[in-house]
Structures are given as structure tokens and as C-alpha cells.
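*Asks:* Got a structure for you, written out below as C-alpha cells; questions coming shortly.
The values are calculated or read from the model by the stated rules, or taken from the named source; none is laboratory data. Given the structure is predicted, the values throughout are model-derived calculations rather than measurements. So basically every Cβ, Gly included, is an ideal-geometry build from the backbone, and we count neighbours across all protein chains shown. We work out accessible area using only protein heavy atoms, side chains counted, and drop any ligands, DNA or RNA first. Shrake-Rupley method; radii C 1.70, N 1.55, O 1.52, S 1.80 Å.
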Amino acid sequence: MARRKKIYEGKAKILYEGPEPGTIVQYFKDDATAFNAQKKATIEGKGVLNNRLSEFFMTGLNNIGVPTHFIKRLNMREQLCRACEIIPLEIIVRNYAAGSLATRLGLEEGMALPRPIVEYCYKDDKLGDPMVTEEHIAAFGWASQQDMDDILALSLRVNDFLSGVMMAVGIRLVDFKIEIGRVYEGDFQRLVVADEISPDSCRLWDIETGQKLDKDVFRRDLGNLTDAYSEVAKRLGVLQQSPASVTKPTLIN
Ligand code: UDP
């Protein structure tokens, strides 16, 4: 097979040109970063789990009519997606106080919010993804008012879907981040959920025990990250086996 052209390498994924025009391949790495890449590690099996989990969430969203860039999973670490122009915003939806919101407003972690709160950050690693308002977004032309209306509606639908799916397996969706892309169809543009949805970009707490099953395990040194992600995958029925048996050959009796 001809060597594929790398389009971009990020902290947790590599993007390659896809086999057809208008497609890309997302490769999930095992690298984990936190605190704007000040903390780094390679965590065996993380990429495999995130590829499967993101496939599960994106397929579910596609099935309920929330458009995403996801087309199909190709193998253990790669998925085929529609190429899109990423809007330079990180959209954060919160149901419970945690992380930077808890710090900023002095809220107790885990406090239920009066309603889901949607925040926007400008995607720029050098600046540490600063929070911005719709005023900045409009003034700098990152997205139109119509885009913002669509982004809010999409984000809340993703929140309802993910909250329900997680609740059904005893997990609280505390908050999450998504990215939105534009795809062009003739003269029209459509917004789709892009990037990935995985425990790297969500806060997931066990409803009974409060145990963290997301990237905070890595950020705050709370234990083994692949164990946490495997637990999420197992509860969702995404992964029957442990990641060890996925990355290594298994003896069949
Ligand atoms: N998040 C993310 N990427 C980022 C920043 C945040 O995926 O660059 C996710 C994070 O995992 C959490 C949510 O967005 O689920 C809210 O993050 P927060 O603003 O509290 O920042 P943090 O405390 O994670 O730095």
C-alpha cells in the first residue's frame, strides 16, 4: 500500500489523507497529555480504547440524526472520517461543577448545575485554549450567528444522548468537550460533530462510588488509565475483552 500523506499530528491522534477525496483517516495514539502538554506519558492500549469508544458514541449520534464526521472504523487504531474544516472552538458542556469551572467560580466539585452550561474556548495551544464569549466569536468571525445557534443545539443534543447512554450503565456525565467541523455539499455547508468523543474529553464518574473513569485519572495520578477506560468500554458492551488481549495475541484452548 502506498504511504499515506500525514496531514497533521496532534497530541493524541494523527490525521492522514483518506482513500477518497473528502475523507481522512484518524489514527489514535497511546500518548496522553495534560495541563497543556506539560505532563506527558504513553499509556499502552489507550488509543485502541478511544478508537472503539469514539466509534460507539459517533455511531450512536449518527443513528439519532446528529451528524458527525465519522464514517467507519478501519482497524484497531484507525477510523475513516469525512474531511471537514474545524471551527477553532472547543465546546464544553457541563452538567456538574468540576475542573476549571469549579476553580473559577469556587464551586464544590460534583455540585449539580441548575442547567447544562455551554462554554467556548478558542483552540490555540500556545495560548492555553482561552475561554471566549460569543462576542469574541462574532467579532473575529470564527463562526456566524447561525453557526452558533446550530452549535448550541448540536451540543445540547450530544449532551442528552451521552448523558442517557452513560446513565444507563451507572456513569455520570459530568462534562465533556466536542469540536465541530464544516462540511461542504455543493453550495451548502453543514455542521458536524468532529474530532473524537472519548474519556480523554469527558468527565465520567461512577454514580454509586464517584470513582473517576476519565482522563482525570492521568491528570491527578489516581491509578491506571487503561483500567478506567476499559471499565467504561466494558459497561457499554464496546469491549468484551481486556485491552491486554487486544494488543497481544491470546491463546485459544
Ligand atoms: N477538555 C478537553 N480538552 C481541553 C480542555 C478540556 O477535552 O483542551 C475537556 C475535559 O476533559 C473536561 C471538559 O472538557 O471533560 C471541561 O474541562 P475543564 O474546562 O474543566 O478543564 P480542565 O480542568 O480539564 O483543564
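*Asks:* Over the Cα atoms of the chain, Rg to Rh with Kirkwood Rh, two decimal places?
*Replies:* Numbers: Rg = 18.0 Å, Rh = 18.9 Å.
In the chain, Rg relative to Rh is 0.95.
*Asks:* In the structure displayed, which of LYS6/LYS212; LYS46/LYS126; LYS39/LYS212; LYS6/LYS234; LYS5/LYS29 lie more than 23 Å apart, Cα to Cα? Before the final figure, lay out each step's value.
*Replies:* Working: LYS6/LYS212 34 Å; LYS46/LYS126 25 Å; LYS39/LYS212 19 Å; LYS6/LYS234 32 Å; LYS5/LYS29 17 Å.
Long pairs (Cα-Cα over 23 Å): LYS6/LYS212; LYS46/LYS126; LYS6/LYS234.
*Asks:* List every residue whose amide H lies under 5 Å from the amide H of ASP214, counting only residues 5 or more places away in sequence or on a different chain, with H placed 1.01 Å from N in the peptide plane.
*Replies:* Distant-sequence amide H within range of ASP214: LEU204.
*Asks:* Now for a separate question. Calculate log10 I(q)/I(0) of the range 131-253 for q = 0.12, 0.19, 0.21, 0.23 Å⁻¹, where I(q) comes from the Debye formula with a single equal point scatterer on each Cα and nothing for solvent.
*Replies:* Relative scattering, expressed as log10 I(q)/I(0), comes to -0.61, -1.07, -1.18, -1.30.
*Asks:* Something else: Please report the carbon-and-sulfur percent of the accessible area for the chain; probe 1.4 Å, protein heavy atoms only, DNA, RNA and ligands left out.
*Replies:* Details: 6820 of 12950 Å².
The computed percentage sits at 53.
*Asks:* On the principal axes of its Cα set, how long, how wide and how thick is the range 33-119? Give whole Å, largest value first.
*Replies:* 44, 36, 24
*Asks:* In the chain, once you exclude exposed chymotrypsin sites (Phe, Trp or Tyr not before Pro) (DSSP loop, at most 14 other Cβ within 10 angstrom), what's the longest stretch remaining? Mind dumping the intermediate values first?
*Replies:* Numbers: sites that count: PHE35, PHE140.
Maximal segment without exposed cleavage sites: 141-253.
*Asks:* Same structure again: Name the residue farthest towards the positive end of the dipole of the chain from the options LEU251, ILE71, PHE188, assuming +1 on Cβ of Lys and Arg, -1 on Cβ of Asp and Glu, about the Cα centre.
*Replies:* The Cα lying farthest towards the positive end belongs to LEU251.
*Asks:* Right, next: Taking the Cα centre of the range 68-213 as origin, work out the dipole magnitude from +1 charges on Lys and Arg Cβ and -1 charges on Asp and Glu Cβ, in debye rounded to 20.
*Replies:* Numbers: 16 positive and 24 negative charges, 81 e Å.
Charge dipole, the range 68-213, about its Cα centre: 400 debye, nearest 20.
*Asks:* If you place +1 on the Cβ of every Lys and Arg, -1 on the Cβ of every Asp and Glu, and leave all else neutral, what size is the dipole of the chain about its Cα centre, to the nearest 20 Debye?
*Replies:* Result for the chain is approximately 860 debye, rounded to the nearest 20.
*Asks:* Another question about this same structure. With a 1.4 Å probe and every protein chain left in place, work out the accessible area per residue of the chain in Å², rounded to a whole number.
*Replies:* On the way: 12950 Å² over 253 residues.
Normalised by residue count, the accessible surface of the chain is 51 Å².
*Asks:* Could you give the nm distance between label points at LEU113 and ASP160, where each point is 7 Å from its Cα heading toward the beta carbon?
*Replies:* Between LEU113 and ASP160, the label points sit 1.7 nm apart.
*Asks:* Follow-up question, since we're still on this one. Mind checking which of ILE43, PRO114, ALA97 is farthest towards the positive end of the chain's charge dipole, using Cβ charges of +1 (Lys, Arg) and -1 (Asp, Glu) about the Cα centre?
*Replies:* The listed residue farthest towards the positive side: ILE43.
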